[in-house]
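Undergrad: Below: one structure in structure tokens.
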There are 2 protein chains.
Amino acid sequence: MISKSEKKAAQIRAARMMREAGIQINDSEVEEIEVVDFGLGQLDIEGVQVFTMVNTDRLAAKVLVLFPNQTEPEHWHLQVGDDPGKQETIRHIWGDLRFYVDGKDTMKEGFLVPGKHDVYSLRHEIVLESGDQLTFEPYEKHWFQGGSRGAVLYSFSTTVRDGLDGFSDTEIERLTIVEEKRDES
Amino acid sequence: MISKSEKKAAQIRAARMMREAGIQINDSEVEEIEVVDFGLGQLDIEGVQVFTMVNTDRLAAKVLVLFPNQTEPEHWHLQVGDDPGKQETIRHIWGDLRFYVDGKDTMKEGFLVPGKHDVYSLRHEIVLESGDQLTFEPYEKHWFQGGSRGAVLYSFSTTVRDGLDGFSDTEIERLTIVEEKRDES
């Protein structure tokens, strides 16, 4: 759960990073930025900010923002009914970004979220430069992390049903709850 | 048909405009920019430059560049076999951009390509600002034009099979031929 003020502050911060990275976002779109804490209640440590440019029944184009040292938890994209599952290509735009995928432990620049080693099973590190891309097929497990500057990246995919992703951390709830009571109360 | 040197110059010019618009493109990717003259042999008047970030069997994400006063000819996306046809969302990033779609003649900022009024049937003008988006369903006819600064825009779509688009101008060949002989010969 996050508070309304925490959500708003994260939207403004994400928009500022997007603009620094050269991504156009209109002022009216800033409040559409999704702030995701995965139900874990520690947004700055585990979370992601998502600006959806397009999401139709066939495809989605998004800009993801990671704050400095923020981690998107380990997950994979499931088959849903007739849909073979989300196919996703990410393209790094700006900042410090590392992905973790299946393979030999090469972790060097990144870090495991404290106290959560068991739900971050992948340790094969890929450090991305601007313009670098990775494609994930359905069920291909991955997690990623912003470095000291944080990161701004594109995510291009088939239709997104984030509510149906699989997560290694069973504590995760993909749909973020924003506290309804007033922050000042 | 375009010459090799014309293609290279257009790639460099397009990359410069992309970077000015804030889009990251690696030096090694510049030569992958597709320079499309639609077989009409007047690239600066009718043409488009296309940087493909992703094109899988399910989706495509591209950056399109229009030089100043360059026009992408009127076209539509056809059904192909089991595919219901390309669904495309464009998002304006930078520069001067107008689209022409079905509807009342409201043409004001743009112009019809000289001598080609019959193959540009649509006259309903939509002038886009940065961040504005339009979605085209299969078979929805459209054409677009860069203004005095030209334009840089995203195109997000289902799988692209440009060779199978329909064009109002029957002179058009979608696959650009690059002259093989040396330019200096």
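Undergrad: Provide a single number: the residues in the range B:43-60 that are exposed (fewer than 14 other Cβ atoms within 10 Å of the Cβ) and more than 30 Å from A:D57 (Cα to Cα).
TA: So in the range B:43-60, the residues exposed (fewer than 14 other Cβ atoms within 10 Å of the Cβ) come out as B:44, B:57.
Now drop any that are not more than 30 Å from A:D57 (Cα to Cα), which leaves B:44.
Final tally of qualifying residues: 1.
Undergrad: Okay, next question. Working carefully through the options A:S121, A:S148, A:S130, find the one that is more than 21 Å from A:G22 (Cα to Cα), polar (S, T, N, Q) and in contact with a strand residue (DSSP E or B) (Cβ under 8 Å, 6 or more places away or on another chain). Talk me through it step by step, then tell me what you get.
TA: Working: A:S148 fails: more than 21 Å from A:G22 (Cα to Cα); A:S130 fails: more than 21 Å from A:G22 (Cα to Cα).
Exactly one residue qualifies, and that residue is A:S121.
Undergrad: Here's something else I'd like to know. Mind listing whichever residues of the range B:87-110 are closer than 24 Å to A:V63 by Cα and not in a loop (DSSP other than H, G, I, E, B)?
TA: Our first condition is that a residue be closer than 24 Å to A:V63 by Cα; within the range B:87-110, this holds for B:87-97.
Passing the criteria: B:E88, B:T89, B:I90, B:R91, B:H92, B:I93, B:W94, B:G95, B:D96, B:L97.
Undergrad: Specify which of the listed residues (A:V113, A:V127) is outside any loop (DSSP other than H, G, I, E, B) and either of a type in the set (A, V, I, L, M, F, W, C) or more than 22 Å from A:F156 (Cβ to Cβ) (or both). Spell out how you get there, then give the answer.
TA: Values: A:V113 fails: outside any loop (DSSP other than H, G, I, E, B).
A:V127 is the lone residue from the list that is outside any loop (DSSP other than H, G, I, E, B) and either of a type in the set (A, V, I, L, M, F, W, C) or more than 22 Å from A:F156 (Cβ to Cβ) (or both).
Undergrad: Just to be sure before I move on: is B:L175 away from chain A (no Cβ under 14 Å) and in contact with a Ser or Thr (Cβ under 9 Å, 6 or more places away or on another chain) in the structure I sent?
TA: Values: away from chain A (no Cβ under 14 Å): yes; in contact with a Ser or Thr (Cβ under 9 Å, 6 or more places away or on another chain): no.
For B:L175, the condition - away from chain A (no Cβ under 14 Å) and in contact with a Ser or Thr (Cβ under 9 Å, 6 or more places away or on another chain) - is not met.
Undergrad: Further question on the same structure: Test B:F51 against the stated conditions and say whether it is in contact with a strand residue (DSSP E or B) (Cβ under 8 Å, 6 or more places away or on another chain), at pLDDT 95 or above and among the aromatic types (F, W, Y).
TA: On the way: in contact with a strand residue (DSSP E or B) (Cβ under 8 Å, 6 or more places away or on another chain): yes; at pLDDT 95 or above: yes; among the aromatic types (F, W, Y): yes.
Yes: the conditions hold for B:F51.
Undergrad: How many residues does the range B:74-116 contain that are free of Cβ contacts under 8 Å to residues at least 24 places away in the same chain and charged (D, E, K, R)?
TA: Here the count works out to 4.
Undergrad: Counting only residues that are more than 20 Å from B:R174 (Cα to Cα) and surrounded by 14 or more Cβ atoms within 10 Å (Cβ to Cβ), which one in the range B:20-42 is nearest to the other protein chains (Cβ to nearest Cβ)?
TA: First, pick out the residues of the range B:20-42 that are more than 20 Å from B:R174 (Cα to Cα): B:20-30.
Now drop any that are not surrounded by 14 or more Cβ atoms within 10 Å (Cβ to Cβ), which leaves B:20-25, B:29-30.
Values: B:E20: 10, B:A21: 7, B:G22: 2, B:I23: 7, B:Q24: 5, B:I25: 7, B:E29: 7, B:V30: 11 Å.
By that ranking, first place goes to B:G22.
Undergrad: Is it the case, given these coordinates, that A:T71 is hydroxyl-bearing (S, T, Y), within 11 Å of chain B (Cβ to nearest Cβ), buried (at least 17 other Cβ atoms within 10 Å of the Cβ) and touching a residue at least 40 places away in the same chain (Cβ under 8 Å)?
TA: Numbers: hydroxyl-bearing (S, T, Y): yes; within 11 Å of chain B (Cβ to nearest Cβ): no; buried (at least 17 other Cβ atoms within 10 Å of the Cβ): yes; touching a residue at least 40 places away in the same chain (Cβ under 8 Å): yes.
Judged against the criteria, A:T71 is not a match.
Undergrad: Could you look through the range B:117-160, keep only residues that are among the β-branched types (V, I, T) and more than 14 Å from every other protein chain (Cβ to nearest Cβ), and pick out the one that is surrounded by the most Cβ atoms within 10 Å (Cβ to Cβ)? Talk me through it step by step, then tell me what you get.
TA: Let us first name the residues in the range B:117-160 that are among the β-branched types (V, I, T), namely B:119, B:126-127, B:135, B:152, B:158-160.
Cutting the leftovers down to more than 14 Å from every other protein chain (Cβ to nearest Cβ) gives us B:119, B:126-127.
Working: B:V119: 18, B:I126: 15, B:V127: 15.
By that ranking, first place goes to B:V119.
The values are calculated or read from the model by the stated rules, or taken from the named source; none is laboratory data. Values in this document were obtained by computation on a predicted structure and should not be read as measured data. A quick note on method: Cβ atoms are made from the backbone with ideal geometry, for glycine too, and the neighbour counts reach across all protein chains shown.
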